[in-house]
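Trainee: Sharing a structure, written as structure tokens. Questions coming.
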Amino acid sequence: MTEQTSSIRSQCPYCGVGCGLDLQPPAKKGAAVRRDAEGTPMWSARGDKLHPSSLGQVCIKGATVGETLARGRLDQPLSRNSLNENFEPISWDEALERITDQIQSSLKSKGPDSIAMYGSGQFHTEDYYIAQKLLKGAIGTNNFDANSRLCMSSAVAGYTRSLGSDGPPCCYEDLDHCTLAFLIGSNIAECHPVLFQRLLKRKKKHPNSVTIVVVDPRQTDTAKAADIHLAVAPGSDLALLHGIAHLVMRDNGQDSEFIDNCTDKYDSFFDVVARWTPRRVALYCGIPEKRLREVAQLFHHRERVLSLWSMGVNQRREGTAVVGGIINLHLLTGQIGREGSGPFSLTGQPNAMGGREAGGLSHLLPGYRQVTNAEHRTQIEHTWDIPKGNISPNPGLTAWEQVEAMERGELDLWWVAATNPLVSMPDLERVKAAVKRCPMVVVSEAYADTETSHYAHLLLPAAQWSEKAGTMTNSERRVTYCPAFRQPHRESRPDWQVFAEIGRRLGFEAQFSYESAAEVYAEFTAVTDKQLCDVSGLSHQLLAREGPQQWPFPQKSSPSQDSKRLYTNQRFQTANQRAQFCTDQPLGLAEPPCETYPLILTIGRYLGQWHTMTRTGKVKRLTTMHPEPLLEIHPKDADQFAVKHGELAAISSRRGQLTARVKVTEKIRRSTVFLPMHWGFTQAQACEVNALMHEQSCPISKQPELKASAVIVAPVMSVIKPIEQEGKRLQAVRRLIIPALR
């Protein structure tokens, strides 16, 4: 391709807001071209005023993305036979032959389920789709899962249980019309900042037009903007939702007509919720009963209620149940399919939605189909022109199940693409030990020296966003075309091209003969015809010409059509077209505090960093914002455990130990501490917080409870103090420190 010299419109490759970017080619300052630290000309980014999702706004990560495109990249395929050896360069042909040989050998010796792939919401939809076709169609295993399992699978399961299908029914415009914004488990000020600014601007301009309620154990920047902040005890949110429903029904705030005509299972819901009295809920959640009543008064069918949630809800043992609890409140009050109302899951990654549409989880097939559904399998086998029965009827291994399979020696090949699980998975020491047992680990990655690359046998340089054409779908179901506007870095290739080449080498020449990403997308969109996520009317050409579009967008649709909201006719995707009340008893945390581990550690993100820092860690402006991870702890807890502001603390769980600098603050509730999740072992300020987290997950969504584990903290001697002055203290804490520093 020819390097672009004019501005380009695309979607930001960071969070699920999916902001539009206007990208400018390397700008000249006098006679000099602006270059990064490695001498590569840099693109600059600003908000795209024409993008309907973000209206020209952009956060600091999106504004600096141009500084990350060439720095620290993986240049060529690298190979080694064992983890004790150094990598050696090899050709693409040799790399692809090695993968193909391993697949064919594994198919003969152990069968298709000895092969697994772990993908990413950083994929374009085209990458996701061809990965499904390769694994589930050609190879015959459903062992494709993605880091969306750690991110959005509880939302997927919750929507499906209650409404009959995945798919957020709301849109960002609802932030402009709701009278109550109920944010639970979502720190949008740091994780979805452009949406937060949109809500904040409205609040400042018309203070009485909207009430903001935030449910969070921490007083985050989101909570600071709230009219009511419910600092609930970790793990108590389902009880809170039942308590709100109890009071709504007590005050006759339910929409009886909607319940009678549009829902099922209300009676069983009523029976459970009736027992969650205000006093019981207030004690369980650790909040004033008065505050609970104030919030319940705001949930009324004459109001316009918009509920927004993210990882604080999804990353829980009862994540699907809590999602169901949120949706129950909207069914109770008829607040769905209407302007300014609805249950709105905010996705964490730029194309987590597109991945779900393409079937990018181990139980899914493209077009919101299920692998367990015989008719769905037949439809996809016909589309892919593969023999009937090639697609397994059994759900594949989820993300954590892939780790367990490696522990048991059942996987011969683990292919990781566009993600960094050796930072983001729970119980990291266990993950490291499991991965070491896998005979062949392939990592497709744009950047060099990620934590996961240290456990690979084969590294494949991936063309990233900016170097390949494709589409992404954001949280409000809006599809944006992302053009290739830079030459691929060195020998890097788009993921979909690599997957297709493996498919051809396995003997599926006709099925994987694509000339372009546009051709891949055309095949994918046809698969969605007449499904809820119907995008059969979209194409690269239309999106490039008309700009981003929301689905459903069936054939012969007009770009001016109104697809803002789902379920406007109050008919749902269930068998009888009625939404289902889903009633679960609160279980609390999977690992509650105890005498040995009396604190609850919760983790999250910083505004200026993104996931495992493979991209944002290369931007000085962002690393300056957050130079190191800080342990947030309440002053009374700091006194009790003898840790001091600005000094180092050792944090220990049942699985490991680490050290971090202490930030004493009243912005976190007692008995709860907080750490960010970004810093892996390759970072200068290494802090592998997920090494402390357990793997227990929601039994329905299989999403791990990454938001809470039981820990204890203790002071750590500063390493710059003379050892002779601190000898006794060093000996006292050595057992805590040394493992964390290894």
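The values are calculated or read from the model by the stated rules, or taken from the named source; none is laboratory data. Quantities reported herein were computed from a predicted structural model and do not represent experimental measurements. Cβ sites come from the backbone with ideal geometry, for glycine too, and all protein chains shown count toward neighbours.
Trainee: In the set SER236, SER268, which member is surrounded by fewer than 16 Cβ atoms within 10 Å (Cβ to Cβ) and either over 22 Å from LEU589 (Cβ atoms) or not aliphatic (A, V, I, L, M) (or both)?
Mentor: The unique qualifying residue is SER268.
Trainee: In this structure, is THR347 among the polar types (S, T, N, Q), at negative phi and in a helix (DSSP H, G or I)?
Mentor: So THR347 fails the test.
Trainee: Can you list residue pairs whose Cβ atoms sit under 9 Å apart, with the first residue in the range 497-515 being in the same structural domain as GLY140 (by TED's automatic domain parsing) and in a helix (DSSP H, G or I) and the second being surrounded by fewer than 17 Cβ atoms within 10 Å (Cβ to Cβ) and among the aromatic types (Phe, Trp, Tyr)? Count only pairs 6 or more apart in sequence or on different chains.
Mentor: If the second residue must be surrounded by fewer than 17 Cβ atoms within 10 Å (Cβ to Cβ) and among the aromatic types (Phe, Trp, Tyr), the pairs left are VAL498/TRP92; GLU501/TRP92.
Trainee: Next question. Tell me which of these MET152 doesn't satisfy, since it passes every other one: (1) within 21 Å of the chain's Cα centre (by Cα); (2) under 25 Å from GLY18 (Cα atoms); (3) surrounded by fewer than 24 Cβ atoms within 10 Å (Cβ to Cβ); (4) not small (Gly, Ala, Ser).
Mentor: Looking at each condition in turn, MET152 falls short on (3).
Trainee: Now a separate question. Would you mind telling me which numbered condition in (1) within 30 Å of ALA714 (Cα to Cα); (2) out of contact with any helix residue (DSSP H, G or I) (no Cβ under 6 Å at 6 or more places or on another chain); (3) among the aromatic types (Phe, Trp, Tyr) TRP610 fails?
Mentor: (2)
Trainee: Within the range 238-268, take every residue that is assigned to a helix (DSSP H, G or I), of a type in the set (S, T, N, Q) and touching a residue at least 60 places away in the same chain (Cβ under 8 Å) and give me the one that is nearest to GLU666 (Cα to Cα).
Mentor: Out of the qualifying residues, it is SER268.
Trainee: Another question, if that's okay. Among (1) under 24 Å from LYS702 (Cα atoms); (2) buried (at least 22 other Cβ atoms within 10 Å of the Cβ); (3) not aliphatic (A, V, I, L, M), there is one condition GLU407 misses while meeting the rest; what is its number?
Mentor: Here GLU407 clears every test but (2).
Trainee: Please go through the range 44-63 and pick out each residue that is of a type outside the set (Lys, Arg), more than 24 Å from GLU546 (Cα to Cα) and crowded, with 21+ Cβ neighbours inside 10 Å.
Mentor: Hit for the range 44-63 is CYS59, nothing else.
Trainee: Just the residues that are farther than 17 Å from THR222 by Cα and in a loop (DSSP other than H, G, I, E, B), please, taken from the range 595-608.
Mentor: GLU595, THR596, TYR597, PRO598
Trainee: Collect the residues in the range 247-274 that are over 16 Å from CYS582 (Cβ atoms) and among the polar types (S, T, N, Q), keeping them in residue-number order.
Mentor: Listed by number, the residues that qualify are ASN252, GLN254, SER256, ASN261.
Trainee: Next question, about the same structure. In the range 516-532, is there at least one residue being modelled with pLDDT of 95 or more, aromatic (Phe, Trp, Tyr) and in a helix (DSSP H, G or I)?
Mentor: The first filter runs over the range 516-532 and keeps only residues modelled with pLDDT of 95 or more, leaving 516-532.
Retained after the next criterion (residues that are aromatic (Phe, Trp, Tyr)): 521, 524.
Within this subset, residues satisfying the condition of being in a helix (DSSP H, G or I) are 521, 524.
Checked the range 516-532: at least one residue is modelled with pLDDT of 95 or more, aromatic (Phe, Trp, Tyr) and in a helix (DSSP H, G or I).
Trainee: To continue, here is another question. All but one of (1) modelled with pLDDT under 95; (2) part of a strand (DSSP E or B) hold for GLU38; state the number of the condition that does not hold.
Mentor: All conditions are met except number (2).
Trainee: Also, I was wondering about something else. Check GLN550 against each of (1) modelled with pLDDT of 95 or more; (2) over 20 Å from ALA155 (Cα atoms); (3) not acidic (Asp, Glu) and name the one condition it does not meet.
Mentor: The number of the failed condition is (2).
Trainee: Given the residues ILE326, ILE336, which is the only one that is among the hydrophobic types (A, V, I, L, M, F, W, C), part of a loop (DSSP other than H, G, I, E, B) and not assigned by TED's automatic domain parsing to the domain that holds GLU126?
Mentor: None of the other options fit; the residue is ILE336.
Trainee: Go through the residues of the range 68-75 one by one and say whether even a single one is basic (Lys, Arg) and either over 24 Å from the mean Cα position of the chain (by Cα) or exposed (fewer than 14 other Cβ atoms within 10 Å of the Cβ) (or both).
Mentor: yes
Trainee: Oh, and also: Restricting attention to the range 300-348, report how many residues are more than 19 Å from VAL232 (Cβ to Cβ) and of a type in the set (Asp, Glu).
Mentor: Final tally of qualifying residues: 2.
Trainee: Among the residues of the range 349-382, what is the count of those that are out of contact with any strand residue (DSSP E or B) (no Cβ under 9 Å at 6 or more places or on another chain) and closer than 17 Å to ILE139 by Cβ?
Mentor: Going through the range 349-382 one residue at a time, the tally reaches 3.
Trainee: Also: Taking only the range 392-425 into account, find how many residues are in contact with a strand residue (DSSP E or B) (Cβ under 7 Å, 6 or more places away or on another chain) and β-branched (Val, Ile, Thr).
Mentor: 3
Trainee: Also: Name the residues in the range 76-133 that are surrounded by 23 or more Cβ atoms within 10 Å (Cβ to Cβ) and of a type in the set (D, E, K, R), would you?
Mentor: Answer for the range 76-133, where residues must be surrounded by 23 or more Cβ atoms within 10 Å (Cβ to Cβ) and of a type in the set (D, E, K, R): GLU126, ASP127, LYS133.
Trainee: Which residues, counting only those in the range 479-530, are under 27 Å from SER557 (Cβ atoms) and of a type in the set (Val, Ile, Thr)?
Mentor: VAL479, THR480, VAL520, THR525, VAL527, THR528
Trainee: Then there is this: Select the helices (runs of 4 or more DSSP H) contained entirely in the range 350-449, then report the ones holding at least 1 residues which are within 25 Å of the chain's Cα centre (by Cα).
Mentor: Because the criterion is at least 1 residues that are within 25 Å of the chain's Cα centre (by Cα), the helices (runs of 4 or more DSSP H) in the range 350-449 that meet it are 352-357, 399-407, 421-424, 428-436.
Trainee: Criterion first (outside any strand (DSSP E or B) and not assigned by TED's automatic domain parsing to the domain that holds PRO426) does ALA131 satisfy it?
Mentor: no
Trainee: Here is a further query. Going residue by residue through the range 637-650, is there one that turns out to be under 27 Å from the mean Cα position of the chain (by Cα), surrounded by 19 or more Cβ atoms within 10 Å (Cβ to Cβ) and not hydroxyl-bearing (Ser, Thr, Tyr)?
Mentor: No: zero hits.
Trainee: Oh, and also: Which one of the conditions (1) free of Cβ contacts under 8 Å to residues at least 12 places away in the same chain; (2) surrounded by 24 or more Cβ atoms within 10 Å (Cβ to Cβ) does MET353 fail to meet, given that it meets all the rest?
Mentor: Only one criterion in (1) free of Cβ contacts under 8 Å to residues at least 12 places away in the same chain; (2) surrounded by 24 or more Cβ atoms within 10 Å (Cβ to Cβ) is unmet by MET353, namely (1).
Trainee: Report yes if some residue within the range 568-587 is part of a helix (DSSP H, G or I), surrounded by fewer than 18 Cβ atoms within 10 Å (Cβ to Cβ) and of a type in the set (Lys, Arg); otherwise report no.
Mentor: no
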